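Beneath this line is the structure, given in structure tokens, with notes to follow.
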Amino acid sequence: MKGKRILSILIVLILLLVPITGVFASENYKTLKFSSKGSEVSRLQQKLQNYGYYTISIDGIYGKVTEKAVINFQKDNKLIIDGIAGKQTQTALYGKTTTVSRGTSSSRSSVKSYSDADLLWLARIIEAEASGEPYNGKVAVGNVILNRVNSKEFPNTIYGVIFEYYGSIPQFSPVAEGTIYNTPSQESINAAKDALNGARPVGNSTYFFNPAKAAGTWIVKNKTYVTKIGGHSFYA
């Protein structure tokens, strides 16, 4: 009888510890330092840019400018100053929060909160539209979606913007193709988070298209060109 009781207690403890272990596993960060390259570096640069520490174009290369930006961030946040983006630095950087400003004349409000469902749908449209684009291009697509959410010319939710139709034609081709339901990559999720936290690589843009795949005639004639990132051209 005593043995069964001990076994029951052990089972309960295991069940309690499983989700805790999962949480810690999800917080593992890859150490980034001088000469590191890749999407993790691009995300780091984007986040540093959000807070004003990184001021040049995002290239996914951990060079002297990125290292200096990390050092300045570490100084301001009383962290170990080594120019290396390890667990402590990344936890502080990604754990910071910002108020997302909606300062355009056509915006509905100054502050808006987002749910887990909003994050999922934003990550899905980013994955569907920009899976082959550079990290900054992924954030830019999220930027466009959120600009539409906050414009009186479009629906006022992320889901509503993604699934908006003009007549019988969806605004975004992944809706028609069904790829909007694909599972987003971690990079697309990260890009969605950065966009939700206020990253605006394409400013007030509300349109984008790939000139290699579509003419975008109406957009070119009626909207103002902003910039080109990867294969996408962005217009406001």
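In segment 42-85, which residues are open to solvent by 10 Å² or more (accessible area, probe 1.4 Å) and among the aliphatic types (A, V, I, L, M)?
Passing the criteria: 56, 58, 61, 65, 71, 79, 80, 81, 84.
Strands (runs of 3 or more DSSP E) wholly in segment 141-236 with at least 2 residues that are without any contact (Cβ under 8 Å) to a residue 24 or more places away in the chain - which ones?
225-229
If I filter segment 53-70 for residues that are within 18 Å of the chain's Cα centre (by Cα), among the polar types (S, T, N, Q) and assigned to a helix (DSSP H, G or I), do I get at least one hit?
Within segment 53-70 (the criterion being within 18 Å of the chain's Cα centre (by Cα), among the polar types (S, T, N, Q) and assigned to a helix (DSSP H, G or I)), the answer is no, since none of the residues qualifies.
I need a count of the residues in segment 52-66 that are more than 15 Å from residue 40 (Cβ to Cβ) and not basic (Lys, Arg).
The number of residues fulfilling the criteria is 6.
Step by step: first the residues of segment 195-232, then only those that are in contact with a Gly (Cβ under 7 Å, 6 or more places away or on another chain) and surrounded by fewer than 21 Cβ atoms within 10 Å (Cβ to Cβ), then the one that is farthest from residue 55 (Cα to Cα). Which residue is that?
212
Being under 30 Å from residue 204 (Cβ atoms), at pLDDT 80 or above and in contact with a strand residue (DSSP E or B) (Cβ under 8 Å, 6 or more places away or on another chain) is the requirement here; does residue 61 meet it?
So residue 61 fits the description; yes.
I'd like to verify a number: residues in segment 156-176 that are under 17 Å from residue 196 (Cα atoms) and open to solvent by 10 Å² or more (accessible area, probe 1.4 Å), how many?
The total comes to 4.
Results for (1) open to solvent by 40 Å² or more (accessible area, probe 1.4 Å); (2) modelled with pLDDT of 95 or more, shown as yes or no for each residue.
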{"position": "90", "(1), (2)": "no, no"}
{"position": "96", "(1), (2)": "yes, no"}
{"position": "106", "(1), (2)": "yes, no"}
{"position": "110", "(1), (2)": "yes, no"}
{"position": "113", "(1), (2)": "yes, no"}
{"position": "116", "(1), (2)": "yes, no"}
{"position": "128", "(1), (2)": "no, yes"}
{"position": "154", "(1), (2)": "no, yes"}
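Has segment 189-212 got any residue that is out of contact with any Ser or Thr (no Cβ under 6 Å at 6 or more places or on another chain), at pLDDT below 95 and among the hydroxyl-bearing types (Ser, Thr, Tyr)?
Checking segment 189-212: not a single residue is out of contact with any Ser or Thr (no Cβ under 6 Å at 6 or more places or on another chain), at pLDDT below 95 and among the hydroxyl-bearing types (Ser, Thr, Tyr).
The values are calculated or read from the model by the stated rules, or taken from the named source; none is laboratory data. For clarity, every value in this text was computed on a predicted model and none was experimentally measured. All Cβ positions, glycine included, derive from the backbone under ideal geometry; neighbour counts span all protein chains shown. Areas reflect the complete protein model, heavy atoms only, side chains present, ligands, DNA and RNA absent. Shrake-Rupley method; radii C 1.70, N 1.55, O 1.52, S 1.80 Å.
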